[in-house]
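Notes follow the structure.
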Amino acid sequence: MRSISGTKNRFVLALAGVLSLAAAAWLGVAAFGYTKQLPDFDRYLAHGETTPAMLLEMHAQWLPAAAGAVCLVAVLFGLYLVIGQAPKKPRTSTLRISDADGALLGTFQPDVLGLALAEHVEEQVSGIVGASVEVSGTAKQPWLQAQLDVAEDAETGWSVDAARRMLADDVRQTLGVEPRQIDALVTLRSSRARGNNSEAVLGGSETRVSSPA
């Protein structure tokens, strides 16, 4: 499975909101005639009668160069964001298990743990008819990405919560740490229909399980 950075996108949205708010405040001060109340900033604020041509003439020495630099940075930043939207596989590394004193007990590949987790979920969770788990991150901050096939006539919410709870417990018992994050892609399996109806279920390391109604 692959993922897209949601943190980066939220940061860009927050930055765009702050810049928009600053521009709106700058224009609002001029529109409502508050420039006289801010004499110390008069040279930096627009006035009601100011036009773009007048602004350009007043700051002809530095405004064109600054505008060109801002445009260049905006183009480069936009390309960086576009490239960052490409789904990428989380970083994986060999998992190392140590005892309480820090002595190395053994190492194993994340695929081995993922296969064991998937088999346990398939065998123990009611309603789960198929599963695959990919383990990434480190032994101290494991990140699980699971694909769960749920029977169409099963209690989907309960089965997904139970599967995520079991995955968290298995990681806790194996590595001795809480998983950093558990993501799940749920696919409904029907014995009467050939097609599948899928929905994404994303969640963090905190999981809950409840009995079906």
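Nothing in this text is a laboratory measurement; each read-out follows from the coordinates by a stated rule. Since we're looking at a predicted model, the values are computed, not measured. We place every Cβ from the backbone using ideal geometry, glycine too, and count neighbours over all the protein chains shown.
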Problem - Length added when fully stretched, L45-Y80, from 0.36 nm per residue minus Cα-Cα - result: 9.4 nm
Completion exercise
Env charge @ D170, Cβ radius under 13 Å, K,R +1 / D,E -1, value -2
